[in-house]
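Everything below concerns the one structure shown next.
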Amino acid sequence: MIGYSTSADVIYKVARQLNTSLDLDEVLGKVLKLTVEATEAERGSLFLLDEVGQVTRHILSRPNQSPEVSRRNIKIAMTQGLAGWVYRHHQGALASDAVTDDRWVQLPDDKEVTGSAVVVPLLYQDRINGLLVLHHQEIHFFDESHLALTAGIAGQAAIAVENARLFTQVRDEREGLHTLINAMPIPVLEIDTNNYIAFANRTAQQSLLVKKVNVPLEAIEGGDQLKLTLDELRNRTENHIEVRWPDERVFSVSINNLPRLGTVVAMNDITYLKELDAMKSQFVETVSHDLKNPLSAIMGFAQLLQLEETLSEAGDIGLTKILHSAKQIQILIEDLLDLAKIEAGLGGQAEPCNLPQIAKNVLTDFKPRVEEKEITLIAHLPPQLPMVSGNTLRLSQVVSNFVSNAIKYTPQSGQIGIEVSQADSEIWLRVSDNGPGISPAGQSQLFQKFYRVPEIQLSHRGVEGTGLGLSIVKAIVEGYGGRVLVESEVGVGSIFGCVLPIWSPQSESDAAN
């Protein structure tokens, strides 16, 4: 029998030794070794369990078993043996005479007969996270004092095992995440709250030449530019922006702010895509220029033919269709050339513009179309709002495009709203309608060139367009430091608009640069 003071000393010593490591495998080995020594058991086993009682890790009393035999023996112990009984009853058990105890099952390949055994649960917050099993060949070797001592050790072991398990889980997850981020094909940086580089993945080290971490962002080539980009992104609702690196590469930079830790920066090299886009734009611009002269000739000769009195009715109808189609091609060419000019930075010098007055003038031009469809137009255009940075002609295009689209897709006797308002240092323009609405998938592509929402085209076959209007709007607005917006719900309607910075002398300086 083991005395109380001796048991307390043993449990204290065991607790001290268990707290010297957080490595799970090392802790499990210590638990078993210390318990076997303290109880003078001949051998022991230790099972680590998950939330549903499945064995996730184990140290067996017979370590040299094949994996198949080990799995079979564990299953027998947990379903038919004393270990399973302890798990189901949530309490420790003493089999002083294991030979006659019905709860004990002798394993078929175990040559040494167990005379007495002790099994105790490792309880942590009312959950069993492990089982500790002790064996001895001598019948009645273990008594209640051994059970009490083993239970006391198990209490300390349960805490140590849970701490080690959590540490191992966090470490494994961290290593897995580190490996994943390191394997990403794009540069990823972690910038701390002091603008120091806390982490750089392998691609960042190779592509951005980040030789070491824990250095200021400005220490790497292009770091000054990246710092300005991050400051801009942190003050914007959008979380990505394009930045040109000193070696002329173009990156799409996106960020994710982490409270108290800093900012994770992902940089996708889009140089190749920008080059392709430039080539495409050049091709479209060249083709558009080359088409203007022959198209003008076609329209001119068609108009001359219409003056002929000898034309049949069918011929007159055919010429009308030719002229209509040529006019549509002409509009497309003009839009393409217009977009090319805007993207080349020829959108018009930035100047102070009165956006409410611009919107009011545009609405006057659309008055006949509004009255023709019996549309209710609600306008909120406060004249006292600050000026915006832009160009009157170009911003008229923006408003005109939004209003034209709203009229096109608003049903007969529908309703359109146009509002200009201020929020901090920005002016917001919103044009709403109660048209068919656009699905989220369609909204994500609305401002791409030539994109037209398929489901709307099916339901509005007579509505003509080039698919370039919103692309032109986006190029104009972003050219003046603004951003476009869209909100829509299918069957309810849509809100299109933009946000423009309030005019300041700095706006003119930025536009000139």
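The values are calculated or read from the model by the stated rules, or taken from the named source; none is laboratory data. Keep in mind that what you see is a predicted model, and the values were worked out from it rather than measured. Cβ coordinates were reconstructed from backbone atoms using ideal geometry, including for glycine residues, and neighbour counts include every protein chain displayed.
Taking the listed residues 42, 68, the one that is among the charged types (D, E, K, R), in the same structural domain as residue 154 (by TED's automatic domain parsing) and closer than 18 Å to residue 94 by Cβ is 42, with no other qualifying. Of the conditions (1) in a helix (DSSP H, G or I); (2) more than 30 Å from residue 14 (Cα to Cα), residue 185 fails just one. Which one is it? Here residue 185 meets the rest and fails (1).
Name the single residue, out of those in the range 61-117 being basic (Lys, Arg) and touching a Leu at 6+ places or on another chain (Cβ under 9 Å), that is farthest from residue 149 (Cα to Cα). Even if it seems obvious, please write down each step before you answer.
Taking the range 61-117 as the starting set, the residues that turn out to be basic (Lys, Arg) are 62, 71-72, 75, 88, 103, 111.
Applying the additional criterion that residues be touching a Leu at 6+ places or on another chain (Cβ under 9 Å) yields 62, 72, 103.
Details: 62: 23, 72: 30, 103: 21 Å.
Among them, the one singled out is 72.
This table checks each residue for (1) acidic (Asp, Glu); (2) touching a residue at least 40 places away in the same chain (Cβ under 8 Å); (3) in a helix (DSSP H, G or I).
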{"site": "13", "(1), (2), (3)": "no, no, yes"}
{"site": "28", "(1), (2), (3)": "no, yes, yes"}
{"site": "45", "(1), (2), (3)": "no, yes, no"}
{"site": "63", "(1), (2), (3)": "no, no, no"}
{"site": "78", "(1), (2), (3)": "no, no, yes"}
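Would you point out the residue of the range 258-274, among those that are surrounded by 14 or more Cβ atoms within 10 Å (Cβ to Cβ) and touching a residue at least 40 places away in the same chain (Cβ under 8 Å), that is farthest from residue 205 (Cα to Cα)?
Here is the first cut: in the range 258-274, the residues surrounded by 14 or more Cβ atoms within 10 Å (Cβ to Cβ) are 262-271, 274.
Keeping just the survivors that are touching a residue at least 40 places away in the same chain (Cβ under 8 Å) gives 262-269.
Numbers: 262: 19, 263: 18, 264: 15, 265: 14, 266: 13, 267: 12, 268: 14, 269: 14 Å.
Taking the candidates together, the pick is 262.
Would a scan of the range 111-128 turn up a residue that is in a helix (DSSP H, G or I), in contact with a helix residue (DSSP H, G or I) (Cβ under 6 Å, 6 or more places away or on another chain) and among the aliphatic types (A, V, I, L, M)? Break it down stepwise before answering.
Going residue by residue through the range 111-128, those that are in a helix (DSSP H, G or I) are none.
No, the conditions are met nowhere in the range 111-128.
For the range 406-431, filtering for residues that are among the hydroxyl-bearing types (Ser, Thr, Tyr) and surrounded by 17 or more Cβ atoms within 10 Å (Cβ to Cβ) leaves 2.
Every residue, every condition in (1) over 18 Å from residue 75 (Cβ atoms); (2) charged (D, E, K, R); (3) buried (at least 17 other Cβ atoms within 10 Å of the Cβ), yes or no:
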{"site": "96", "(1), (2), (3)": "yes, no, yes"}
{"site": "99", "(1), (2), (3)": "yes, no, no"}
{"site": "105", "(1), (2), (3)": "no, no, yes"}
{"site": "111", "(1), (2), (3)": "yes, yes, no"}
{"site": "118", "(1), (2), (3)": "yes, no, yes"}
{"site": "127", "(1), (2), (3)": "yes, yes, no"}
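Would you be able to say whether some residue in the range 275-293 is assigned by TED's automatic domain parsing to the domain that holds residue 339, of a type in the set (Asp, Glu), surrounded by fewer than 12 Cβ atoms within 10 Å (Cβ to Cβ) and at pLDDT below 80? Looking through the range 275-293, at least one residue is assigned by TED's automatic domain parsing to the domain that holds residue 339, of a type in the set (Asp, Glu), surrounded by fewer than 12 Cβ atoms within 10 Å (Cβ to Cβ) and at pLDDT below 80.
Out of the residues in the range 130-173 that are at pLDDT 90 or above and of a type in the set (Val, Ile, Thr), which is surrounded by the most Cβ atoms within 10 Å (Cβ to Cβ)? The selected residue is 133. Residue selection: residue 52 satisfies the criterion of being under 46 Å from the mean Cα position of the chain (by Cα) and part of a loop (DSSP other than H, G, I, E, B). Looking across the range 343-355, just one residue is at pLDDT below 75 and surrounded by 21 or more Cβ atoms within 10 Å (Cβ to Cβ), and that is 347. Checked against (1) under 29 Å from residue 22 (Cβ atoms); (2) assigned by TED's automatic domain parsing to the domain that holds residue 247; (3) surrounded by fewer than 17 Cβ atoms within 10 Å (Cβ to Cβ), residue 221 meets all criteria but (1).
When the residues of the range 387-405 are narrowed to those that are within 34 Å of the chain's Cα centre (by Cα) and modelled with pLDDT of 90 or more, which ends up surrounded by the fewest Cβ atoms within 10 Å (Cβ to Cβ)? Walk me through it before giving the result.
Taking the range 387-405 first, the residues within 34 Å of the chain's Cα centre (by Cα) are 388-390, 395, 398-399, 401-403, 405.
Cutting the leftovers down to modelled with pLDDT of 90 or more gives us 388, 395, 398-399, 402-403.
Working: 388: 29, 395: 27, 398: 30, 399: 25, 402: 28, 403: 23.
Looking at residues that are within 34 Å of the chain's Cα centre (by Cα) and modelled with pLDDT of 90 or more, I get 403.
Which of the residues belonging to the range 160-178 are among the small types (Gly, Ala, Ser) and farther than 23 Å from residue 122 by Cα? Hit for the range 160-178 is 176, nothing else. Out of contact with any strand residue (DSSP E or B) (no Cβ under 8 Å at 6 or more places or on another chain), β-branched (Val, Ile, Thr) and surrounded by fewer than 15 Cβ atoms within 10 Å (Cβ to Cβ) - does that describe any residue in the range 190-212? For the range 190-212, residues out of contact with any strand residue (DSSP E or B) (no Cβ under 8 Å at 6 or more places or on another chain), β-branched (Val, Ile, Thr) and surrounded by fewer than 15 Cβ atoms within 10 Å (Cβ to Cβ): absent. Every listed requirement among (1) within 22 Å of residue 155 (Cβ to Cβ); (2) modelled with pLDDT of 90 or more; (3) out of contact with any strand residue (DSSP E or B) (no Cβ under 8 Å at 6 or more places or on another chain) is met by residue 127 save one, (2). Residues in the range 156-207 that are outside the structural domain of residue 221 (by TED's automatic domain parsing) and among the acidic types (Asp, Glu): 4 in all.
To keep it simple, each residue is scored yes or no on (1) modelled with pLDDT under 75; (2) assigned by TED's automatic domain parsing to the domain that holds residue 449; (3) over 30 Å from residue 500 (Cβ atoms); (4) in contact with a strand residue (DSSP E or B) (Cβ under 6 Å, 6 or more places away or on another chain).
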site	(1), (2), (3), (4)
306	no, no, yes, no
312	no, no, yes, no
322	no, no, yes, no
339	yes, no, no, no
357	no, yes, no, no
369	no, yes, no, no
373	no, yes, no, no
377	no, yes, no, yes
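Only a single criterion out of (1) over 19 Å from the mean Cα position of the chain (by Cα); (2) modelled with pLDDT under 85 is not satisfied by residue 192, namely (2).
I'd like to know if the range 136-149 contains one or more residues that are in a helix (DSSP H, G or I), of a type in the set (Val, Ile, Thr) and in the same structural domain as residue 13 (by TED's automatic domain parsing). Show your work before the answer.
Going through the range 136-149, the residues in a helix (DSSP H, G or I) turn out to be 144-149.
Still in the list and also of a type in the set (Val, Ile, Thr): none.
The answer is no, given that none of the residues of the range 136-149 is in a helix (DSSP H, G or I), of a type in the set (Val, Ile, Thr) and in the same structural domain as residue 13 (by TED's automatic domain parsing).
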